[in-house]
Each structure stands twice: as structure tokens, then as C-alpha cells.
Amino acid sequence: MDYDWLNYHHLLYFWTVAREGSVTRASEKLHLSQPTVSSQLRKLEKALGQKLYTRVGRELVLTDVGQTVYRYADEIFAIGREMVDAIRERPVDRAVRLVVGLPQVLPKLIAFRLLEPVLKMEDRVQLVCVEGSMPDLLAQLALHKLDVVFADAPAGSLVSIRAFNHALGECGIGLFGTPKLCRRYGADLTASLDLAPFIMPAEGTLMRRSVDQWLSESDIHPEFVGEMDDTALMKVFAEAGTGFIPAPLAIQTEIEKQFGLRLLMPIPNAVERFYAITVQRRLQHPAVVAISQAARSTLFGTSSSADG
């Protein structure tokens with residue numbers, strides 16, 4: 001095909017389907033019938049000589065070629081909007097857009113430290129953060145509504161989407177409490193922590209399993225005064241003296257400064273790992289690359305570059 005003659009109407013329909021996540025929603029957006037949109041998609045595939053979508057159940061999922069075409073289409077139409085703004089003498093903004101998925105169980109301070117390098121990039125980045133459950137975020141990632149999901153657990157093998165886990169680093173886990181609680185229970189840790197008040201992460205999280213394993217192996221039986229999947233809420237309760245909380249040691253300084261808590265002890269053999277999850281085998285978005293490099297060199301202090 002002579003790409004000088006690419007039908008940009010077909011490309012627009014493809015781009016809209018990818019953004020909306022289905023032919024039905026794209027048809028409503030474009031004010032066209034579903035058969036018309038489907039026909040235009042097939043014509044684009046024929047013109048390019050490549051399949052752009054594959055069907056998984058009732059969902060249309062972009063192929064690797066489809067992902068590439070989508071990225072080019074996104075840039076093409078962004079430039080088109082910019083051209084119109086420039087002609088109409090509106091401010092032209094070439095900010096790079098980064099849409100990030102953050103699971104509810106990911107510590108907010110970790111999320112901020114991960115995203116902080118984006119705020120210092122030479123090219124301005126428009127940062128959009130979407131919070132939700134891991135299944136919901138991974139579903140949005142598969143539909144290319146998110147550029148990346150940051151998480152404290154990899155996308156498992158049972159997940160139906162094609163996702164790649166990029167290790168960002170790891171750190172230990174500590175037990176934090178108010179100075180008063182630490183003085184009360186800090187004399188003989190193993191003996192004194194029986195019946196100590198603990199605010200625990202939600203069941204099923206990796207941090208919860210790490211803490212449960214430590215308690216079991218150490219034969220410690222604290223009192224669970226609360227279980228929460230919102231780590232920010234856990235810190236608020238801990239700040240009020242309600243109980244001890246486990247938290248990543250990578251943000252020890254921030255926890256102590258912002259919430260007035262102290263580190264009672266590092267939890268033996270407890271480690272929390274963090275990942276950037278994308279639909280690309282290699283990190284491509286410049287902002288995500290910057291985040292990964294900063295996490296490995298500074299936040300977690302590791303030179304690991306393993307992707308999975």
C-alpha cells in the first residue's frame with residue numbers, strides 16, 4: 001500500500017474503537033451504525049495487510065500491530081487538534097499524557113514517590129491517576145485506557161490479558177506506631193507484642209501474607225483491631241494511636257514525618273516488591289521509563305532490570 005493515501009477516516013474509526021473499548025460505544029460516539037464502523041475497520045486492516053484486533057470472548061483486544069497503529073493514530077490526532085488550536089490562536093500544549101492505574105492497596109506515599117520523577121521531567125507531562133481494584137485496572141490496561149499499572153504484586157498467570165511485569169525494586173517492611181505505643185511495647189518485642197493492637201492490611205495482599213507468616217513463625221498473637229485495604233486510612237488510624245501498622249521501609253522518613261509515627265522494628269524476612277505492568281514487553285512511554293529508572297536507582301536502590 002502507498003501510505004501517502006492512507007484513509008484517515010478509517011484510522012479515526014479504528015482509534016475511536018480502541019479508545020471507547022467496543023464497536024458499540026464507538027458507533028454511538030461517531031453517530032454511525034455498528035456495521036459501518038466494523039466495515040471501515042476491515043478496510044483499514046486490508047489496506048495495512050495486518051490484523052489490528054483479535055476477539056477475546058466478547059471483547060476486541062488490540063494485536064501487537066494494532067497497539068503500534070493506535071500509538072501513531074493517537075499522536076496524529078493530537079497533532080491535528082494542536083494545529084486547529086494554533087490556527088485559532090489558542091495556547092498550544094505539547095504535554096505528554098500519562099494515564100496511570102493505582103490499586104487501592106498500593107501505599108499512597110509509594111505511589112507519590114514512584115510518580116515524583118514525572119514532575120521533574122524536562123518535557124511537561126499531563127498526569128492522570130486512576131484508582132481501583134487490580135482486576136478493573138488490568139481490564140482498562142488491556143483496552144489501552146491506561147498506559148501502566150503500578151502495583152505491589154505482578155499480574156498473575158491466571159489473568160486473561162496479555163500483560164508484562166517490569167520489576168521496579170523491593171524493600172523491607174517495618175512495624176510502625178505512635179511514640180507512646182512504641183514505648184509501651186518496645187522493651188521485649190517478642191514477648192510484649194502478644195495482644196498488642198495491630199491494624200492489618202486486607203486479606204489476600206502480599207503484605208498481609210508476609211505479616212501473617214512472621215506472626216505465625218514468631219508465635220506472636222496480637223489483637224487485630226482493624227483490617228483495611230486503604231493504606232492511607234491505616235496510617236490515619238495509626239496516627240490516632242489505634243494500633244501498629246506494617247508499611248514499606250522505603251517510605252520510613254515520610255511516614256515518621258507526616259504521621260508522627262516511629263519504627264518499632266523491621267519485620268524479619270518480610271519484603272514488598274513493586275512492579276510496573278504494561279501491555280508492552282519493553283517499557284516504551286518516556287515517563288514510565290523515567291519512573292522505572294528512578295525507582296531502581298533511588299527509591300529502592302537496586303539496579304535490577306528484570307522484566308517478566
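Among the helices (runs of 4 or more DSSP H) contained in the range 113-207, which hold 2 or more residues that are within 14 Å of the chain's Cα centre (by Cα) and crowded, with 20+ Cβ neighbours inside 10 Å?
Numbers: elements: 134-142, 179-185, 189-192.
In the range 113-207, 134-142 are the helices (runs of 4 or more DSSP H) which contain 2 or more residues that are within 14 Å of the chain's Cα centre (by Cα) and crowded, with 20+ Cβ neighbours inside 10 Å.
Scanning the range 1-34 for residues that are at pLDDT 85 or above and either assigned to a loop (DSSP other than H, G, I, E, B) or among the acidic types (Asp, Glu) (or both) returns 28, 31, 32, 33. Every test in (1) in contact with a strand residue (DSSP E or B) (Cβ under 7 Å, 6 or more places away or on another chain); (2) not assigned by TED's automatic domain parsing to the domain that holds residue 280; (3) not acidic (Asp, Glu) is passed by residue 204 save one, and that test is (1).
Consider the range 241-272 and keep the residues that are surrounded by fewer than 14 Cβ atoms within 10 Å (Cβ to Cβ) and among the polar types (S, T, N, Q). The one that is farthest from residue 171 (Cα to Cα) is 258.
The values are calculated or read from the model by the stated rules, or taken from the named source; none is laboratory data. In this text, all values refer to a predicted model and were calculated from it rather than measured experimentally. Every residue, glycine as well, gets a Cβ built from its backbone with ideal geometry; the counts of neighbours run over all protein chains shown.
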